[in-house]
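The values are calculated or read from the model by the stated rules, or taken from the named source; none is laboratory data. In this text the structure is predicted, and so the values were computed from the model without any measurement. Neighbour counts are summed over all protein chains in view; Cβ atoms, including those assigned to glycine, are modelled from backbone coordinates with ideal geometry.
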There are 4 protein chains.
Amino acid sequence: MTTDANSDELDVQPVEFIAERLVRFSDCDPAGIVFFPNYFRMLNGVVEDWWAHLGKPWTELVSKRRVGTPTVQLDTSFVLPSNFGDTIRFHLSVERLGTSSLVLQHVVVGADSARMRARQVLVATSLDNHKAIPWPDDVRQAINRFTERTS
Amino acid sequence: MTTDANSDELDVQPVEFIAERLVRFSDCDPAGIVFFPNYFRMLNGVVEDWWAHLGKPWTELVSKRRVGTPTVQLDTSFVLPSNFGDTIRFHLSVERLGTSSLVLQHVVVGADSARMRARQVLVATSLDNHKAIPWPDDVRQAINRFTERTS
Amino acid sequence: MTTDANSDELDVQPVEFIAERLVRFSDCDPAGIVFFPNYFRMLNGVVEDWWAHLGKPWTELVSKRRVGTPTVQLDTSFVLPSNFGDTIRFHLSVERLGTSSLVLQHVVVGADSARMRARQVLVATSLDNHKAIPWPDDVRQAINRFTERTS
Amino acid sequence: MTTDANSDELDVQPVEFIAERLVRFSDCDPAGIVFFPNYFRMLNGVVEDWWAHLGKPWTELVSKRRVGTPTVQLDTSFVLPSNFGDTIRFHLSVERLGTSSLVLQHVVVGADSARMRARQVLVATSLDNHKAIPWPDDVRQAINRFTERTS
């Protein structure tokens, strides 16, 4: 269902996490296309899958270690609509890993055309006081394999 | 439930449409705060209320006249979380009205603190071919009362 | 927005809590009618409003007193579809108040026709061990004004 | 992701369609368990997968052939809560296939315990006038392989 696409091409390429989603009846509005809040529900699920893929699932990070990863900024372009029944692919890459922050790039693609692009800024927080904290070392290391660029 | 706040202050103020919302159980995530896709569902409902307030409800505009108003860009800052049970107010104002486009500013406020800010770009389209069209004259006129600035 | 309808008629009538809802764009599916899981989100919000109306809001009951009110049975008839733009009214009445249980009847009406009927069984639980508990006395008293029948 | 479980056991067993779902962050409420309207969104997706599995996807049936399959009755028991991170399995079987109706049984299971049971009555309708119609022959035949019982 999800794969790493570690490109072999000569140009510099980010390491990508790719997750496929089917556009379901429940995602669509009276115009028969994805209702945009549902894109964000899907996108949140893709980020959830990515954390699990890193070996740091939210069930552990959030529920047990009390480390939150709230979104503080989300800038989105809706390029083309996605229709009921479409298969779309979410491409997640890391733009920047800061002391407490993390910038993700999302490109959603269906049938060879971009559907949506989003830039998401997350921050590590303590769920006890909701203040920013530095990423724990093991989490930073897990994220770091997505900050490399192939060439 | 919704009011126009036509400011009497001396500084230049946009005409605002204000809608109040209660943060419900169904809006909240396991951390007890608004799950961000639900903010967008609420925000879409506020825009829906605003069109009705303009005398151009989507039930007429979209369903009968086949004029769509898809969102093409949405840039959002999440300033502070909103908790289950909070009453929050959505302040909608018009930043710019173009030939086919419309830029809305949203500020969501709860208990005197900003919770979320969003800038939303909409485009008028024909629902028959999904191409951009100029805003119909009556729609443009209805929107225009929100493009004035008081001073 | 919500009212008690304490009937004056001669026949036996339950005390009803009535809440009005607008069928929004976000509630509807590609057929332009309410997507049934969204009826249940609305219904849950009506029950939430009812608890607040009783003076026992979930923010206090659930969050502070750790008394849960999970639904254990929900039987629903979908009579007629509701369309985008419809105003519908949820009529809530109490069928039975048991030691730990509560049976609610819901009738959803739009434009003089029934749209949905539901029978919902709730149970009082401790949120510390998720076991059934008797309704606390003050909660039982608050519910009891809805168990009376007028004649 | 989905399989037919055609039992070899001696007792009479229905033919089952089984679909697995991960309980996501977005499915859960402030108590950290599945918010019940989200169970119905999932269940609707499982039924959608089943129609696709029958070779009669909604994208064809609903969008092209204008045959609707609205739910008219849905009776649900919530047996045990499902937690964030749980993997749950939806077991769908056919209880009865009528001229225009279809009765489905759903059992949702997680970690060897039943979580939810539902009985769902669907009706075939013409989307042109929303009246009941007999199931088209090819649809009836496709459903029929799920009406057999093994022994």
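Structure above, values below:
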item: Checking D:Val47 against (1) at pLDDT 95 or above; (2) closer than 18 Å to A:Val23 by Cα; (3) in contact with a Phe, Trp or Tyr (Cβ under 8 Å, 6 or more places away or on another chain), the condition it does not meet; result: (3)
item: Residue list for segment D:40-55, restricted to those being buried (at least 19 other Cβ atoms within 10 Å of the Cβ) and away from chain A (no Cβ under 12 Å); result: D:Trp50
item: Segment B:123-151 - residue that is of a type in the set (Asp, Glu) and modelled with pLDDT of 95 or more and, of those, surrounded by the fewest Cβ atoms within 10 Å (Cβ to Cβ); result: B:Asp137
item: Scope segment D:17-36; condition out of contact with any helix residue (DSSP H, G or I) (no Cβ under 6 Å at 6 or more places or on another chain) and at pLDDT 95 or above; matching residues; result: D:Ile18, D:Glu20, D:Leu22, D:Val23, D:Cys28, D:Phe35, D:Phe36
item: Residue in segment A:111-122 that is modelled with pLDDT of 95 or more and within 14 Å of chain D (Cβ to nearest Cβ) present; result: yes
item: Flag if B:Thr147 is of a type in the set (S, T, N, Q), touching a Lys or Arg at 6+ places or on another chain (Cβ under 7 Å), away from chain C (no Cβ under 14 Å) and farther than 20 Å from B:Cys28 by Cα; result: no
item: Candidate set from segment B:72-82 (those that are modelled with pLDDT of 95 or more and crowded, with 19+ Cβ neighbours inside 10 Å); member that is farthest from the other protein chains (Cβ to nearest Cβ); result: B:Ser82
item: So B:Asp29, is it more than 9 Å from chain C (Cβ to nearest Cβ), on the phi < 0 side of the Ramachandran plot and within 14 Å of the chain's Cα centre (by Cα); result: no
item: Residue count for segment D:40-73, restricted to those that are among the small types (Gly, Ala, Ser) and either assigned to a helix (DSSP H, G or I) or under 13 Å from the mean Cα position of the chain (by Cα) (or both); result: 2
item: Segment D:45-67, residues that are free of Cβ contacts under 8 Å to residues at least 60 places away in the same chain and more than 15 Å from D:Ile88 (Cβ to Cβ); result: D:Glu48, D:Trp50, D:Trp51, D:Ala52, D:His53, D:Pro57, D:Trp58, D:Thr59, D:Glu60, D:Ser63, D:Lys64
item: Matching residues, segment A:15-26, being facing another protein chain (nearest Cβ under 8 Å) and either within 17 Å of the chain's Cα centre (by Cα) or farther than 16 Å from B:Arg41 by Cβ (or both); result: A:Arg24, A:Phe25
item: Residue list for segment D:9-25, filter: surrounded by 20 or more Cβ atoms within 10 Å (Cβ to Cβ) and not charged (D, E, K, R); result: D:Phe17, D:Ala19, D:Val23, D:Phe25
item: Tally, over segment C:90-108, of residues that are surrounded by 19 or more Cβ atoms within 10 Å (Cβ to Cβ) and out of contact with any helix residue (DSSP H, G or I) (no Cβ under 8 Å at 6 or more places or on another chain); result: 1
item: Of all residues in segment D:56-71 being among the charged types (D, E, K, R) and within 11 Å of chain A (Cβ to nearest Cβ), the one that is nearest to C:Asn129 (Cα to Cα); result: D:Glu60
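So that you can scan it fast, the table gives a plain yes or no per residue for (1) within 12 Å of D:Phe90 (Cα to Cα); (2) in a helix (DSSP H, G or I):
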{"position": "D:Ile18", "(1), (2)": "yes, no"}
{"position": "D:Arg21", "(1), (2)": "yes, no"}
{"position": "D:Ser26", "(1), (2)": "no, yes"}
{"position": "D:Pro30", "(1), (2)": "no, no"}
